[in-house]
Amino acid sequence: TVLGRVAMTSGEVPPVALNLWRWTGALIVLLPFSALKVWTLRHQFIRRWWYYTVFALVGVACFNTFFYIGLRSTTAVQGSLITSILPMLVVVWSAIFVGMRITGRHIAGLVLSIGGAALVILRGDIGVLGTFALNNGDLWCLGAVLAWSIQTFLLRFKPAEIDMLSFATVTIALGVVMLLPVYAIETRIMPAMEWTIE
């Protein structure tokens, strides 16, 4: 969150470019280790193409893009606080779509998760909350967390026969393809990222 905020406020790295190139880098690292296995499993990926496409859309294309856009106009503290609601959203999706019963242990876990994140982020100073005001960037961050919670929920449906390395490679590749046209549009309306050795 902090590095994303620095990148966005520097004006040197547009949000879609940052997301596209970080995932492209990850894909380049993964391919030598997973390309052969992905090819072997290609028919299984094709059979459930819709699942991998949705997963890539929310987890690769949307989450970081939305979050980086949000960090252009919100603070790293508010962005971090917003992301702390992720466990709550995952529990909500599980209750709605797979009928998971929300127990006292779930609620206690959510309180500890959000409370602990808030304590660390606010450094124990609850008064900081009084300075918060929702802005457009916060809404983008909320959209990002919503996308991430959907991806986290979808993981429970990952086919057992697909190993995580192959799964990550395919979903990242799909996400990169989805980002390319958005990146092309971004380069027309925002200054393109300059590549330097620094």
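Distance between Cα centroids, the stretch 16-83 to the stretch 133-198: provide it in whole Å.
Cα centroid to Cα centroid, the span is 4 Å.
With each label point set 7 Å from Cα along the Cα-Cβ vector, what nm distance links residue 185 and residue 31?
Reported label-point gap for residue 185 and residue 31 is 2.6 nm.
Can you tell me the order of 160-167, 19-26, 185-192 when each peptide is scored by its average per-residue count of other Cβ atoms within 10 angstrom, highest first?
Result, highest mean Cβ count within 10 Å first: 19-26, 160-167, 185-192.
With a probe of 1.4 Å, find how much accessible area the stretch 1-70 has per residue, and write the answer as a whole number in Å².
54 Å²
The values are calculated or read from the model by the stated rules, or taken from the named source; none is laboratory data. These figures come from a predicted structure and were not determined experimentally. All Cβ positions, even for glycine, are placed from backbone atoms using ideal geometry, and neighbour counts span all protein chains on display. To get the accessible areas, we keep the full protein, side chains included, count just its heavy atoms, and leave off ligands, DNA and RNA. Shrake-Rupley method; radii C 1.70, N 1.55, O 1.52, S 1.80 Å.
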